[in-house]
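Please read the structure below before turning to the comments.
The values are calculated or read from the model by the stated rules, or taken from the named source; none is laboratory data. Quantities reported herein were computed from a predicted structural model and do not represent experimental measurements. Every residue, glycine as well, gets a Cβ built from its backbone with ideal geometry; the counts of neighbours run over all protein chains shown. Accessible surface is based on the protein model in full, side chains and every heavy atom, while ligands, DNA and RNA are left aside. Shrake-Rupley method; radii C 1.70, N 1.55, O 1.52, S 1.80 Å.
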Amino acid sequence: MRAPHDIGGLPAGPVDTEPHAATFWEKRIDAINVLLGDDKRRILSRDERRLAIESLGEEVYQTLGYYERWTAAVTRLLLQKGILSQDEIDAKIAEIRARMGEAEEKTEA
Amino acid sequence: MSDRYSPGDHVRVRADSPPGHIRTPVYIRGKCGVVRRIFGDFPNPEGLAYGQPGLPEKTLYEVRFRQRDIWPDYDGELRDTVDIDIYHHWLEPDDAGATR
Amino acid sequence: MTERTSHDHAADEFQKDEEIHGYYQFLGLAIEELLVEKGIVTGDEIRATIERRDSITPAIGARIVARAWTDPPYRQRLLTDGTAAAEEFGCEFDATELVVVENTPEAHNVIVCTLCSCYPRMVLGLPPSWYKSREYRARAVREPRAVLKEFGTELAENVEVRVHDSTADMRYLVLPMRPDGTEAMDEDALAALVTRDCMIGVTVPKV
């Protein structure tokens with residue numbers, strides 16, 4: 001009985017051996033995870049994050065990229081722990097979308 | 001822990017499927033291998049994942065498996081191996097292992 | 001770096017045509033901004049963490065390998081206690097420990113983490129994309145010789161392939177064999193031969 005992350009030995013295609021450098025966005029997600037787990041904060045642990053990733057379900061796990069899964073996991077944990085609410089997250093996303101839309105219009109103008 | 005396995009001991013990995021956060025991959029459950037070394041005692045990730053302290057700590061071993069024992073149709077060399085880090089409570093003695 | 005340029009940078013990387021992936025990019029930024037607003041993390045801490053991560057590159061691992069090739073007592077320390085030997089090069093470890101496995105004419109080592117992507121970050125930095133891929137994680141334990149071939153590495157049949165699946169608190173680093181014809185090289189020249197991929201075991205150093 002396999003959870004979606006437990007894939008050792010499953011058939012899969014050839015390895016894309018080209019190294020793709022981590023993007024700035026990925027590095028920021030990585031940094032947030034490091035900080036939330038450090039000794040100063042201890043808000044989430046490595047194993048809590050792994051469990052949250054393992055619990056995403058097969059389709060979500062397969063669809064999301066590596067750091068997108070991390071983003072999903074850290075979001076779930078912050079909701080679970082009552083540190084953020086979904087309302088806050090939705091409002092913030094709307095705010096950022098609007099802000100970035102404006103920035104784009106400015107660039108095009 | 002006094003009941004630690006020793007390097008050279010033949011062990012079998014438990015074949016259970018608990019629903020929690022398990023660091024013993026499915027492909028190795030139920031397989032037989034040999035303890036290579038003892039890394040020491042570590043907090044149990046099966047508790048850490050749920051915000052628990054992961055106590056009591058579990059002894060962590062490096063266990064070596066022959067590829068042929070994991071995948072009967074393995075098409076590499078007979079001597080090829082996989083080494084996996086496995087916590088004490090996932091191992092059982094494999095008394096018949098030495099004679100196989 | 002000001003807040004403003006960091007937003008601009010993120011905006012550049014947006015892929016607006018992919019709704020799901022686009023959403024997760026926004027989600028990541030939203031989480032970050034909310035954590036900063038609530039005073040849980042600061043922008044400076046995030047920037048400092050990224051800088052610290054960026055400062056850890058495979059060049060550090062390469063220097064460790066070159067030292068092991070030229071200094072037998074160091075090689076012994078590295079194989080006995082990888083964590084302490086890497087700390088001599090300024091590497092910092094948190095809850096994990098470093099185990100160094102040595103390639104020999106008889107045995108070749110390869111590292112994988114089938115369950116997630118455990119990687120010796122404190123020595124090599126962030127893992128390459130292929131190390132995190134489904135293809136590598138699924139196949140490296142099942143058909144390592146075929147996977148190595150995809151990296152251009154063909155091993156003699158009589159060489160034993162040892163795959164290490166890092167499932168727990170240990171992080172693995174491969175100590176490759178020093179190539180023939182490098183007897184006259186100094187430590188710096190040797191380090192230049194050591195790539196990230198050969199410290200994961202998917203390739204071997206070449207002159």
Residues that are out of contact with any Leu (no Cβ under 7 Å at 6 or more places or on another chain) and open to solvent by 30 Å² or more (accessible area, probe 1.4 Å): list the strands (runs of 3 or more DSSP E) wholly contained in the range B:44-100 that include at least 2 such residues.
B:58-66, B:91-93
Can you name the number of the only condition in (1) under 30 Å from residue B:51 (Cα atoms); (2) facing chain C (nearest Cβ under 7 Å); (3) out of contact with any Pro (no Cβ under 9 Å at 6 or more places or on another chain) that residue A:14 fails?
(1)
Given the criteria more than 13 Å from the chain's Cα centre (by Cα) and open to solvent by less than 40 Å² (accessible area, probe 1.4 Å), does residue A:57 qualify?
yes
Hey, can you tell me all the residues within the range B:1-16 that are open to solvent by 60 Å² or more (accessible area, probe 1.4 Å) and assigned to a loop (DSSP other than H, G, I, E, B)?
B:1, B:2, B:3, B:4, B:7, B:15, B:16
Give me the pairs: first residue in the range B:64-86 and within 7 Å of chain C (Cβ to nearest Cβ), second residue open to solvent by 70 Å² or more (accessible area, probe 1.4 Å), beta-carbon distance under 7 Å, and six or more apart or on different chains, which are they?
B:77/C:157; B:81/B:66; B:83/B:36
So which residues in the range A:2-37 are polar (S, T, N, Q) and part of a loop (DSSP other than H, G, I, E, B), if there are any at all?
A:17, A:23
Yes or no: residue A:93 more than 27 Å from residue B:42 (Cα to Cα) and either in contact with a Phe, Trp or Tyr (Cβ under 9 Å, 6 or more places away or on another chain) or in contact (Cβ under 8 Å) with a residue 40 or more places away in the chain (or both)?
yes
Residue check: is residue A:35 more than 11 Å from the chain's Cα centre (by Cα), within 8 Å of chain C (Cβ to nearest Cβ) and open to solvent by less than 40 Å² (accessible area, probe 1.4 Å)?
yes
Inside the range B:25-43, can you point out the residues that are of a type in the set (A, V, I, L, M, F, W, C) and open to solvent by 50 Å² or more (accessible area, probe 1.4 Å)?
B:38
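Each row is one residue, and each column tells you yes or no for (1) crowded, with 18+ Cβ neighbours inside 10 Å; (2) small (Gly, Ala, Ser).
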site: C:73; (1), (2): no, no
site: C:80; (1), (2): no, no
site: C:92; (1), (2): no, no
site: C:101; (1), (2): yes, no
site: C:107; (1), (2): no, yes
site: C:110; (1), (2): yes, no
site: C:124; (1), (2): yes, no
site: C:131; (1), (2): yes, no
